[in-house]
Amino acid sequence: MIASHAALDETSRRLMMEIGPAWGQDILKHRDIVLRAYGPVLECAPKGGISVTRDIAYGPHARQVLDLFVPSGVADAPVVVFVHGGVFVRGDKRVSSEVYDNVLYWFARHGFIGINIEYRLAPESQWPSGADDLGLAIAWTRAEVARHGGKPDAIFAIGHSAGSTHVATYAYDPAAGYFGRGLAGIVLLSPRVRIDISMENPFAANVRSYFGDDESVYEARSPVTHAAISPLPVMIAIAEFENPLLDVYGLELAYRIAAARRRAPRFMRLTGHNHISLVAHFNTVEDTLGREIKEFTRRLV
């Protein structure tokens, strides 16, 4: 099985390099190619010794549920809360039968409690509902995780794409009012931290659906605007082949934080990866990003 897993993983990585230069020409088509490619890899990935409890309610809405991943015999373990993307109007904590479970399986295999949250979507729920839902999920985690072997004072939020927006809003936006409460640190993957409805953004309509039609508030609602005031530890990662401007915004965020703190935050650019494979490759043979995140958290707990 290990050899098969490695061979499948290598095939997927070659495919990522092939489609990478054309990523932005048809993002949704290429997203589906990535999910199909990593499906067989993740099906044979290690998952033993981890109990999974699905759809635990952390709030009253039908989408305010989470999945809990607990490794056997764990005690006083750090916790990761993962927030998926979907450009504010779509997405699920299980976008396929394997993704995004794979992210939490990897962390559970490495001694973390893993929590994968669902949250409300636009247009039903608008800014700052994503941060509000994350706040409820963190409150649930702090209240409940100790009885599952987790450490309430060692909770890290990991957001991908629009999920990074919600994490960064929770961490940075003074109007949302959370200021990272209850978190030991955050990890932002392909972060959509600037509110952008330019012609370069193929998802501008989705951004409007969540943030509203009043463009005069977009700067204030962009998490990057406020990031410099926060001392919360942060790690940022982008892919070589990103959705338009997300790599730019990730770099802008890193620069603003570095300029304010006079020290650069932990930052990675994953060569050969695209916006979706950045998360789809967790729990495969390749684990460079996972190990970097693990080291980032280790220094804080």
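The values are calculated or read from the model by the stated rules, or taken from the named source; none is laboratory data. Given the structure is predicted, the values throughout are model-derived calculations rather than measurements. Using ideal geometry, Cβ is built from the backbone for each residue, glycine included, and neighbour counts are taken over all protein chains shown. These accessible areas exclude ligands, DNA and RNA; they are computed on the full protein's heavy atoms, side chains included. Shrake-Rupley method; radii C 1.70, N 1.55, O 1.52, S 1.80 Å.
In segment 159-170, the residues that are closer than 15 Å to SER230 by Cβ and touching a residue at least 12 places away in the same chain (Cβ under 8 Å) reach residues that are open to solvent by 10 Å² or more (accessible area, probe 1.4 Å) and assigned to a helix (DSSP H, G or I) with C-beta atoms within less than 8 angstrom, at least six apart or across chains, in these pairs: THR169/ARG221; TYR170/GLY135.
Scanning segment 26-46 for residues that are open to solvent by less than 10 Å² (accessible area, probe 1.4 Å) and among the β-branched types (Val, Ile, Thr) turns up at least one hit.
Just one of the listed residues (ASP76, ASP67, ASP26, ASP32) is touching a Lys or Arg at 6+ places or on another chain (Cβ under 7 Å) and more than 18 Å from LEU134 (Cβ to Cβ), namely ASP76.
Taking segment 162-198 as the range and being surrounded by fewer than 22 Cβ atoms within 10 Å (Cβ to Cβ), among the aliphatic types (A, V, I, L, M) and touching a Lys or Arg at 6+ places or on another chain (Cβ under 8 Å) as the test, the residues that pass are ALA175, ILE197. Note down all Cβ pairs under 6 Å where the first residue falls in segment 225-239 and is open to solvent by 40 Å² or more (accessible area, probe 1.4 Å), the second is basic (Lys, Arg), and they're at least six residues apart or on different chains. That search, which allows pairs on different chains as well, returns ALA228/ARG256. State whether the residues of segment 57-80 include one that is among the hydroxyl-bearing types (Ser, Thr, Tyr), at pLDDT below 95 and either part of a loop (DSSP other than H, G, I, E, B) or open to solvent by 50 Å² or more (accessible area, probe 1.4 Å) (or both). Within segment 57-80, not a single residue is among the hydroxyl-bearing types (Ser, Thr, Tyr), at pLDDT below 95 and either part of a loop (DSSP other than H, G, I, E, B) or open to solvent by 50 Å² or more (accessible area, probe 1.4 Å) (or both).
Considering only residues of segment 241-259 that are within 17 Å of the chain's Cα centre (by Cα) and of a type in the set (D, E, K, R), which is surrounded by the fewest Cβ atoms within 10 Å (Cβ to Cβ)? Applying the filter and picking the extreme gives ASP247. For residues in segment 35-91 being of a type in the set (D, E, K, R) and on the phi > 0 side of the Ramachandran plot, which is nearest to the chain's Cα centre (by Cα)? The residue in question is ASP55. Of all residues in segment 199-240, which are of a type in the set (A, V, I, L, M, F, W, C), more than 20 Å from the chain's Cα centre (by Cα) and under 28 Å from PHE156 (Cα atoms)? ALA220, ALA228, ILE229, listed by residue number. Against the criterion of being open to solvent by less than 40 Å² (accessible area, probe 1.4 Å) and among the acidic types (Asp, Glu), GLU295 does not qualify.
Taking segment 265-288 as the search range and keeping residues that are among the aliphatic types (A, V, I, L, M) and in contact (Cβ under 8 Å) with a residue 60 or more places away in the chain, which one is surrounded by the fewest Cβ atoms within 10 Å (Cβ to Cβ)? This residue is VAL285. Only residues that are open to solvent by 10 Å² or more (accessible area, probe 1.4 Å), among the hydroxyl-bearing types (Ser, Thr, Tyr) and part of a helix (DSSP H, G or I) were counted in segment 98-148, giving 1. For segment 243-264, a residue qualifies if it is without any contact (Cβ under 8 Å) to a residue 60 or more places away in the chain, part of a helix (DSSP H, G or I) and under 24 Å from VAL99 (Cβ atoms), and the qualifying residues are ASP247, TYR249.
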